[in-house]
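Participant: Quick one: structure below, then a few questions.
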Amino acid sequence: MDIHSGGKYPSCALSNFAPHPFVMDEVKICSMEGFLQSLKFKNPDMQIEVCKLNGAAAKYKGSKKNWKRDHILYWQGERVPRYSPEYQSLLDRAYESMARQSDSFRRALAAADGMSLGHSIGRQKESETILTVREFCSRLENLRGRVLEGEFDA
């Protein structure tokens, strides 16, 4: 399945553009795209505002930020180098928070049972994107397995 915001369900619901609200570190996040784009902003107040955005609005808000010059991202005022274990841990926490708190995200993961996950419009190189295809799909696959095993059941 090629994950894309304009695709059929569950593809569209697994897209980072999909509105799956969750809270992480006391910040209300309306979509994974909002969270990811917020990482490009050094100012914590601006991050909070970007986290409120969904889909294309979030993507557009972060599109003009030149994080590629030094490959430094930010979360709550702290520098997070793109190529660091801390960055990978931050991504893990965000996706896990969304999985724990969003029924719609868990349902979409379960609906993709048995399907191979891909993202043809995504980038492969860490230097070109804040989330590579591998980073994205491997997290979804991990969480899907955990959803199917019942880990997130109430």
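Participant: I want the local charge near residue 110. Using Cβ-Cβ distances under 14 Å, sum +1 for each Lys or Arg and -1 for each Asp or Glu among the other residues.
Facilitator: Around residue 110, the charge tally is -2.
Participant: Which far-off residues, 5 or more places away or on another chain, put their amide H under 5 Å from the one on residue 73, with H placed in the peptide plane?
Facilitator: Placed amide hydrogens put 80, 82 under 5 Å from residue 73.
Participant: Just the number, please: Stokes-Einstein D of region 1-55 in µm²/s, Kirkwood Rh from C-alpha pairs, 4 °C, 1.567 mPa s.
Facilitator: 114 µm²/s
Participant: At 1.4 Å probe radius, can you tell me the per residue accessible area of the chain in Å²?
Facilitator: Accessible area per residue, the chain: 52 Å².
Participant: Under 10 Å, Cα contacts only: if you run a Gaussian network model on the chain, which one of 26, 49, 126 comes out with the highest mean-square fluctuation?
Facilitator: With Cα springs under 10 Å in the chain, the top fluctuation among 26, 49, 126 is at 26.
Participant: Related question: Measure of size requested: the Rg and Dmax of the chain, with Cα atoms as the atom set and Å as the unit; please supply both.
Facilitator: Cα only, the chain: 14.6, 44 Å (Rg, Dmax).
Participant: Also: Using alpha carbon coordinates only, what is the Rg to Rh ratio of region 14-86, with Rh defined as the Kirkwood radius?
Facilitator: A ratio of 0.95.
Participant: Determine, for each peptide in 29-36, 58-65, the mean count of other beta carbons within 10 angstrom over its residues, then list the peptides with the highest first.
Facilitator: Going from most to least packed, we get 29-36, 58-65.
Participant: Considering every pair of different Cα atoms, what Kirkwood radius, in Å, is found for region 101-154?
Facilitator: 12.1 Å
Participant: Taking all protein chains as present, what is the carbon and sulfur share of the accessible area of region 35-154, in % to the nearest whole number, probe 1.4 Å?
Facilitator: Whole-percent figure for carbon plus sulfur exposure: 48.
Participant: OK, next. Students often get this wrong, so check it: of 40/64; 8/52; 42/68, which have C-alpha atoms separated by over 18 Å?
Facilitator: 8/52
Participant: Taking the alpha-carbon distance from residue 125 and a cut-off under 13 Å, which aspartates and glutamates remain once sequence neighbours fewer than 8 residues away in the same chain are dropped?
Facilitator: Within reach: 135.
Participant: Report residue 71's accessible area, 1.4 Å probe, all protein chains in place, as a number in Å² to the nearest 10.
Facilitator: 40 Å²
Participant: Please name which of 136, 41, 19 has its Cα lying farthest along the dipole of the chain towards the positive end, using unit charges on Cβ (Lys, Arg +1; Asp, Glu -1) and the Cα centre as origin.
Facilitator: The Cα lying farthest towards the positive end belongs to 41.
Participant: Also: Aspartates and glutamates within cross-link reach of residue 59: Cα-Cα under 16 Å, excluding same-chain residues under 8 positions apart?
Facilitator: Those aspartates and glutamates meeting the cut-off are 33, 49, 128.
Participant: Please list the non-local residues whose amide H lies under 5 Å from the amide H of residue 29, H modeled 1.01 Å from N, same-chain partners needing a gap of 5 or more.
Facilitator: Residues meeting the criterion, in which the H sits 1.01 Å from N, are 22, 23, 24.
The values are calculated or read from the model by the stated rules, or taken from the named source; none is laboratory data. Model, not experiment: these values are computed from the prediction. A quick note on method: Cβ atoms are made from the backbone with ideal geometry, for glycine too, and the neighbour counts reach across all protein chains shown. Side chains are part of the model used for accessible areas, which takes the heavy atoms of the whole protein and leaves out ligands, DNA and RNA. Shrake-Rupley method; radii C 1.70, N 1.55, O 1.52, S 1.80 Å.
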